[in-house]
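The values are calculated or read from the model by the stated rules, or taken from the named source; none is laboratory data. These numbers were taken from a predicted model, which means no experiment stands behind them. Here the Cβ is made from the backbone with ideal geometry for all residues, glycine too, and neighbour counts use every protein chain on show. Ligands, DNA and RNA are stripped out before the accessible areas are found, and what is left, the full protein with its side chains, is counted by its heavy atoms. Shrake-Rupley method; radii C 1.70, N 1.55, O 1.52, S 1.80 Å.
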Amino acid sequence: MSMAYEEYMRQMVKPMREELTRAGFKELLTADEVEEYMENTEGTTLVVVNSVCGCAAGLARPSATQAILRNEKKPDHLVTVFAGQDKEATAKMREYFTDLEPSSPSMALLKGKEVVHFIPRHDIEGQPMEAIMDNLTSAFDSHC
């Protein structure tokens, strides 16, 4: 790939990354960062597999950030990987999503390394934002 294309893509996705980092999500950019995080974390973690698609922009990211803001119970940690951009980090994170098909965008609630709740793209795309938020907050209430 040309350097111009890579720079264009970095600039294009910058606001998509910042939407989550402004809300307190830590980006995991490499496979090593994912492994380091996953092998050393305790408690609950919400993982958002970010994407450039419209359902990520209009539904997944806003639902995740609003669910965290509005719910009393929250995960201990918030992390994100970016599908299609940070490919190795995303592939590494998906290794922890045992028996789940790759999906982006998607959201996983983990206790330690175990996925206790998963929201794939087909439960995001075409759904009202409130339904996705309810799905997340119900998981937070049950597991956090």
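Values computed for the structure shown
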{"read-out": "Per DSSP, loop trypsin sites (Lys or Arg not before Pro) in the range 6-76 with at most 10 further Cβ within 10 Å", "value": "Arg22"}
{"read-out": "Distant-in-sequence amide H partners of Ser104 (H built 1.01 Å from N, under 5 Å)", "value": "Arg121"}
{"read-out": "Tilt relative to the chain, helix 31-40 - C-alpha long axis, 0 to 90 degrees, to 10", "value": "20"}
{"read-out": "³J(HN,Hα) computed for each position of the range 134-144 - Karplus, 6.51 cos²θ - 1.76 cosθ + 1.60, integer Hz, glycine/proline x", "value": "4, 4, 5, 5, 5, 5, 4, 4, 7, 10, 9"}
{"read-out": "Helix-only CD estimate at 222 nm, as mean residue ellipticity for the chain, using -39500 (n - 2.57) per DSSP H run (n ≥ 4)", "value": "-14000 deg cm²/dmol"}
{"read-out": "Amide N of the range 37-61 lying under 20 Å from the label point, which is placed 7 angstrom from the Cα of Lys111 along Cα→Cβ", "value": "38-48"}
{"read-out": "5 angstrom amide H check on Lys26, placed H, neighbours 5+ away", "value": "Leu78, Val79, Thr80"}
{"read-out": "Calculated FRET value between Glu18 and Asp99, using beta carbons and R₀ = 35 Å, to 0.05", "value": "0.60"}
{"read-out": "Cβ-derived FRET efficiency at R0 30 Å, Tyr8 paired with Asp123, nearest 0.05", "value": "0.45"}
{"read-out": "Enclosed volume per residue, in Å³, of the convex hull spanned by Cα atoms of the chain", "value": "100"}
{"read-out": "Karplus-derived HN-Hα couplings along the range 14-24 (A = 6.51, B = -1.76, C = 1.60, θ = phi - 60°), whole Hz, x at Gly and Pro", "value": "3, x, 5, 6, 5, 4, 7, 5, 5, 8, x"}
{"read-out": "Furthest towards positive pole of dipole, His77, Gly24, Thr45, structure part the chain, Cβ charges", "value": "Gly24"}
{"read-out": "Share, in percent, of DSSP beta bridges within the range 1-128 that are antiparallel, nearest 5", "value": "60"}
{"read-out": "About the Cα centre, charge dipole magnitude for the chain (Lys/Arg +1, Asp/Glu -1 at Cβ), debye", "value": "400"}
{"read-out": "Mean Cα-pair separation over length for the chain, i.e. relative contact order, pairs under 8 Å, 6 or more apart, %", "value": "31"}
{"read-out": "Cross-link partners of Lys73 among lysines (Cα-Cα below 18 Å; sequence separation of 8 or more within a chain)", "value": "Lys111"}
{"read-out": "3J(HN,Hα) from dihedral phi, the range 64-74, Karplus parametrisation 6.51/-1.76/1.60, rounded to Hz, x for glycine, proline", "value": "5, 5, 6, 4, 5, 5, 8, 9, 5, 8, 9"}
{"read-out": "For the range 10-128: accessible area per residue (Å², 1.4 Å)", "value": "50"}
